[in-house]
Amino acid sequence: MEQELPRFTEKNAQVIAIAYQDQASAQSTATETKVSYPILADSDHAVADAYQVYNTLGDGVATPAVFIINPAGEIVWSYIGQNLSDRPTIEIILENIPVIQ
């Protein structure tokens, strides 16, 4: 994702990752993976619950998911994985980012 960040910036989009871990672990993950976008902690899975992706696979963790949210705070596109390794390609995500004038 990091290497594709300029393509998101070109579309006026911001990438934010949310991890089912505590803040220290999320910071450690960001440091280890050398990403420049924020990795936010969701240790109590409140965000995963709100987006209805917590424990959907019956494994006690958040299901991999991507949400595109417009400036008005509305979800305009989403992808919910069918298993832990199911994620959309960068191309599919970029194709679904609406043009913002």
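Data table
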{"read-out": "Long-range HN-HN contacts of L40 with modeled amide H, under 5 Å", "value": "A17, I18, A19"}
{"read-out": "The range 1-25 versus the range 52-99: alpha-carbon centroid distance in Å", "value": "13"}
{"read-out": "Gained length - E2 relative to T89, 0.36 nm times residue gap less alpha-carbon distance", "value": "30.0 nm"}
{"read-out": "For W77, distant residues with modelled amide H under 5 Å away", "value": "I68"}
{"read-out": "Cα long-axis angle, helix 23-33 against the chain (0 to 90 degrees, to the nearest 10)", "value": "50"}
{"read-out": "Linear extension gain, N70 paired with N96, 0.36 nm per residue minus alpha-carbon span", "value": "8.2 nm"}
{"read-out": "Fully extended contour minus Cα-Cα distance, from S43 to K11, at 0.36 nm per residue", "value": "8.5 nm"}
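Readers should treat all values here as calculations from the given coordinates under stated rules, not as data from a laboratory. Worth saying up front: this structure is predicted, and the values here are computed from it rather than measured.
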